[in-house]
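Below is one structure, written out as structure tokens; the observations come after it.
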């Protein structure tokens with residue numbers, strides 16, 4: 001059966017997009033999004049999107065990686081199987097730095113990628129908008145705005161009027177097919 | 001939107017810079033003369049620190065500008081003029097190198113007056129001899145001054161031109177001159193600093209000096225940019241995005257310095273050979289271990305954690321604190337390289353160490369202020385200026 005995904009419209013002018021983002025936010029909408037062919041400076045601020053916590057995840061993972069690396073080298077070299085090699089101490093910070101560095105980077109990188117996927121709720125195999133030809137222009141030549149029908153403020157006529165007043169073109173209701 | 005004036009000749013900022021420059025130069029020269037009369041050799045070592053510190057920053061500032069032409073960077077046009085103006089100190093190096101030329105016997109006594117029967121130094125005689133050394137110093141300075149007049153000169157010329165011929169010339173010249181800069185800064189580090197103790201050598205030494213100088217240059221650029229912003233000048237160009245960019249570079253190249261410093265240290269630590277380890281034994285005894293630990297702390301650990309976050313790089317107070325700490329750390333680094341060869345049995349530190357440093361610092365400010373009076377503080381007519389404009 002067909003269900004309503006929401007209302008979409010397109011913009012050609014990036015400045016208009018930023019103004020529209022503020023306009024929609026000021027009306028109180030929460031479930032809306034902009035889809036742009038390239039990253040648009042200032043869009044996050046205009047939409048009121050909060051800073052991501054991803055850096056803190058990366059930082060924590062980095063500290064964990066460093067701790068694991070130091071512990072690994074100390075335990076294997078000085079506790080579990082001490083061997084005298086070239087008269088060097090069983091454990092010292094100097095030769096441990098490269099491995100500590102590598103494991104810090106490894107943990108940080110993995111945590112950043114996995115964290116990014118998790119925070120973005122990726123992978124998503126299906127989007128309500130994906131089969132709409134107008135939406136597909138977001139990867140080509142237009143800035144697409146979508147307002148989700150699940151938003152409490154969603155109202156077919158009012159939302160359509162709002163988008164049109166903000167300068168959106170080809171404003172239309174988008175439906176999708178659900179098995 | 002760009003309502004700010006780009007000619008700062010009449011601004012309090014430039015006037016104050018000039019006043020501090022005059023005072024510092026005068027005080028520094030008087031103290032230097034007193035210092036020379038008290039202890040000539042110690043003064044020369046102090047002078048060498050001041051020379052490699054301010055000279056390295058000025059020359060590397062010009063290199064930073066050249067790098068922007070080499071990479072055709074757009075973002076940096078908003079801040080590129082600052083290192084071009086501080087690079088105005090470079091031509092003075094022709095005169096400022098003279099104390100080193102006249103003091104070569106005192107500074108580099110190890111190889112100027114080698115002990116009889118020293119086979120190693122006899123083998124290095126064809127490179128480390130006074131006439132060739134002095135010729136090399138002038139070649140380095142000559143290439144740096146040439147680099148300054150070509151790159152910065154073309155950048156100034158662009159201000160009054162409608163076509164982009166001067167910028168095109170810089171695009172062309174920046175590649176070969178970058179190679180010349182890389183060679184001269186490496187060999188200048190070998191000659192001026194490493195040959196203080198000619199038995200010891202490290203092939204990474206040139207990169208070490210370069211990386212430290214680049215941190216120093218970026219710290220100076222950042223300090224001037226923050227000061228300009230605080231004075232309400234050029235605020236259309238010195239946006240928080242640009243300041244964030246400067247913070248990122250400062251942070252990244254400080255890690256580069258730490259990487260180079262550690263690369264040198266780990267190889268010497270592992271091999272533990274008497275002729276190599278002496279560099280670090282000199283710096284881990286008789287109080288020098290405190291200086292070494294302080295260097296590790298303020299040249300890496302503190303600025304690393306201070307500038308790690310985006311918020312601290314965008315906050316002008318923390319960014320300025322990071323730049324000031326790193327500029328001081330670079331100075332400590334130069335002191336740490338030079339002074340153990342004056343006396344490694346005590347940490348020599350008194351007012352004398354600051355005398356030539358103040359004098360050359362004053363001249364650095366005077367040269368910069370003079371350039372600020374004569375030139376626009378933003379490269380007008382640069383083809384990428386629009387790209388660098390505020391995106392706030």
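Read-outs throughout are calculated quantities, based only on the coordinates presented, and are distinct from any laboratory measurement. Being a predicted model, the structure only gives us computed values, none of them experimental. Heads up, the Cβs are rebuilt from the backbone with ideal geometry, glycines too, and the neighbour counts pull from every protein chain shown.
Regarding segment A:54-119, what whole-number volume in Å³ per residue does the convex hull of its Cα atoms give?
Values: hull volume 4.7 nm³, N = 66.
Output value, Cα hull per residue: 71 Å³.
Compute the relative contact order of chain B as a whole-number percentage, counting only Cα pairs closer than 8 Å that sit 6 or more residues apart in sequence. Spell out each step's value before the answer.
On the way: 526 pairs, mean separation 146.8, N = 392.
Reported as a whole number, the value is 37 percent.
Sticking with the crude label model, points 7 Å out along Cα→Cβ, report the distance from residue B:290 to residue A:54 in nm, one decimal please.
Output for this residue pair reads 4.6 nm.
Using only the alpha-carbon atoms, how far is helix B:40-50 inclined from the longest principal axis of chain B? Give it as 0 to 90 degrees, nearest 10.
40
Using only the Cα atoms of segment B:285-327, build the gyration tensor, take square roots of its eigenvalues as a ≥ b ≥ c, and label the shape rounded, prolate or oblate: rounded if a/c is under 1.5, else prolate if a/b is larger than b/c, else oblate. Walk me through the numbers before you get to the answer.
Working: a/c = 5.62, a/b = 2.81, b/c = 2.00.
Because a/c hits 1.5 or more and a/b exceeds b/c, segment B:285-327 counts as prolate.
Give the peptides B:222-229, A:129-136 in descending order of average Cβ contacts within 10 Å, highest first. List each step's numbers first, then the result.
Working: B:222-229: 20.8, A:129-136: 15.5.
Final packing ranking: B:222-229, A:129-136.
Using alpha-carbon pairs under 8 Å, 6+ residues apart, how would you state the relative contact order of segment A:28-105 in percent? Don't skip to the end; give the middle numbers.
Values: 35 pairs, mean separation 26.4, N = 78.
That works out to 34 percent.
Take residue B:41 and residue A:16, extend 7 Å from each Cα along the Cα→Cβ direction, and tell me the distance between the two endpoints in nm.
Here the modelled spin labels are 7.9 nm apart.
Just to be sure I understand the model, the point goes 7 Å from the Cα along the line to the Cβ. What's the resulting residue A:169 to residue B:305 distance in nm?
The modelled label-to-label distance comes out at 5.5 nm.
Relative contact order of segment B:1-123, please, whole-number percent, based on alpha carbon pairs below 8 angstrom and at least 6 residues apart. Show your work: numbers first, answer last.
Details: 49 pairs, mean separation 29.2, N = 123.
Relative CO of segment B:1-123 lands at 24 percent.
Say R0 is 35 Å: what FRET efficiency, to the nearest 0.05, do residue B:349 and residue A:44 get from their beta-carbon distance?
On the way: r = 50 Å, r/R0 = 1.42.
With R0 = 35 Å, the Cβ-Cβ based efficiency is 0.10.
Could you tell me whether segment B:12-63 comes out rounded, prolate or oblate from its Cα gyration tensor? Rule is a ≥ b ≥ c as square roots of the eigenvalues, rounded for a/c under 1.5, then prolate if a/b exceeds b/c, otherwise oblate.
Since a/c reaches 1.5 but b/c is at least a/b, the shape of segment B:12-63 is classed as oblate.
Classify segment B:288-392: rounded, prolate or oblate, from the alpha-carbon gyration tensor (a ≥ b ≥ c, eigenvalue square roots; a/c under 1.5 rounded; otherwise prolate if a/b is larger than b/c)?
Note, shape of segment B:288-392 comes out oblate.
What per residue convex hull volume, in Å³, do the alpha-carbon atoms of segment B:113-232 yield?
On the way: hull volume 16.7 nm³, N = 120.
So the per-residue Cα hull volume is 139 Å³.
Angle between the Cα long axis of helix A:14-27 and the longest principal axis of chain A, 0 to 90 degrees, nearest 10?
The answer is roughly 80 degrees.
Which ordering of A:19, A:3 is given by a fewest-first count of other beta-carbon atoms within 10 Å? Spell out each step's value before the answer.
Values: A:19 14, A:3 10.
The order, fewest Cβ neighbours first, is A:3, A:19.
When the chain is fully extended, how far beyond the present Cα-Cα distance does residue B:374 get from residue B:19, taking 0.36 nm per residue of separation? Working shown, then result.
Details: separation 355, 0.36 × 355 = 127.80 nm, distance 1.67 nm.
Going from the current span to full extension adds 126.1 nm.
Just the number: Rg to Rh for segment B:1-149, Cα atoms, Kirkwood Rh, two decimals.
Values: Rg = 20.0 Å, Rh = 18.4 Å.
Here Rg/Rh amounts to 1.08.
Output needed: percent of Cα pairs per 5 Å distance bin for chain A, bins running from 0 to the one holding the longest distance.
1, 7, 12, 13, 13, 10, 7, 6, 6, 5, 5, 5, 4, 3, 1, 0, 0
Once the Cα atoms of the protein assembly as shown are picked out, what are the Rg and Dmax in Å?
Cα-based Rg and Dmax for the protein assembly as shown come out at 29.2, 100 Å.
Given 37 °C and 0.692 mPa s, how large is the Stokes-Einstein diffusion coefficient of segment B:216-280 in µm²/s, with Rh as the Kirkwood radius over Cα pairs? Don't jump to the answer; show the numbers that get you there.
Working: Rh = 14.3 Å.
The estimated diffusion coefficient comes to 230 µm²/s.
Which percent of the Cα-Cα distances in chain B go past 30 Å? Don't skip to the end; give the middle numbers.
On the way: 30344 of 76636 pairs.
More than 30 Å apart: 40 percent of the Cα pairs in chain B.
Assuming R0 = 45 Å, what is the FRET efficiency of residue A:110 and residue B:297, from their Cβ-Cβ distance, to the nearest 0.05? Display every interim value, and only then the final one.
Details: r = 30 Å, r/R0 = 0.67.
E between residue A:110 and residue B:297, to the nearest 0.05, is 0.90.
What is the Å³ per residue value for the convex hull set by the Cα atoms of segment A:111-179?
143
Please determine, in degrees from 0 to 90 and to the nearest 10, the orientation of helix B:130-147 with respect to the longest principal axis defined by the Cα atoms of chain B, where the helix direction is its Cα long axis.
On a 0 to 90 degree scale, this one is about 10.
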